[in-house]
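Report on one structure; see the data block that follows.
What follows is calculated from the coordinates using simple rules that are stated; it is not laboratory data. Predicted model, so just to flag it, every value in this text is computed and none were measured. Cβ: placed from backbone, ideal geometry, glycine included. Neighbour counts: every protein chain shown.
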Amino acid sequence: MKTLVAYYSRTGRTRAAALALAKAAEADTQEIVMTGKNAKLGVIKGAWMALRKKPAKIEPLGRLSKYNRIIVVSPVWAGNPPPAVNAFLDCGLGGRQVYAVTVSGSGKAEKHFITAIEKHGGKCAKMWNFRRRGTDEGAWAEDMGKIAEELKD
Ligand SMILES: Cc1cc2nc3c(=O)[nH]c(=O)nc-3n(C[C@H](O)[C@H](O)[C@H](O)COP(=O)(O)O)c2cc1C
């Protein structure tokens, strides 16, 4: 199964998790990068947009159609997917199997992530939440290795 790890990260924690997962699952990666005036999105406006389920402007994505499984790795913003992740989901999931890994400060956002994925035509097969600080990819190897093991065909 061809797998894509798509991730957004503002301060690097989620990036570390995503790269460790991609390595463990032998998946391709797609970083979701905000662009235009959203590139410097502040925390307050960002939280406001997340709360209202708004998408941000993002850089063009690679071809998604070649992947039958997508793992979205994302921080939690105001209990929701960040605007950059909303923009990624807007690109269409077309009935594909979608998994989500969230890296949050303190809370989970399961319901809102699943709703967002399903609203965009994906099927959320499973979701994991981690509360961890730090940007060391190596620190994620064990947890991401377990997820990769679960995802084996
Ligand atoms: C705008 C904003 C809103 C946030 N809202 C939440 C929240 O509602 N719940 C939570 O647990 N963490 C929240 N956080 C914390 C992030 O989810 C957490 O620090 C995450 O690990 C950051 O990932 P990153 O380093 O990849 O950007 C928020 C962070 C930001 C910047």
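Annotations
- Residues that are of a type in the set (A, V, I, L, M, F, W, C), crowded, with 18+ Cβ neighbours inside 10 Å and without any contact (Cβ under 8 Å) to a residue 60 or more places away in the chain within region 1-60 comprise 22, 27, 32, 34, 41, 49, 50, 56, 58, listed in sequence order.
Residues are listed down the side, and each one gets a yes or a no for (1) assigned to a helix (DSSP H, G or I); (2) farther than 19 Å from residue 87 by Cα:
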residue: 4; (1), (2): no, no
residue: 10; (1), (2): no, no
residue: 17; (1), (2): yes, yes
residue: 22; (1), (2): yes, yes
residue: 30; (1), (2): no, no
residue: 39; (1), (2): yes, no
residue: 44; (1), (2): yes, no
residue: 47; (1), (2): yes, no
residue: 50; (1), (2): yes, no
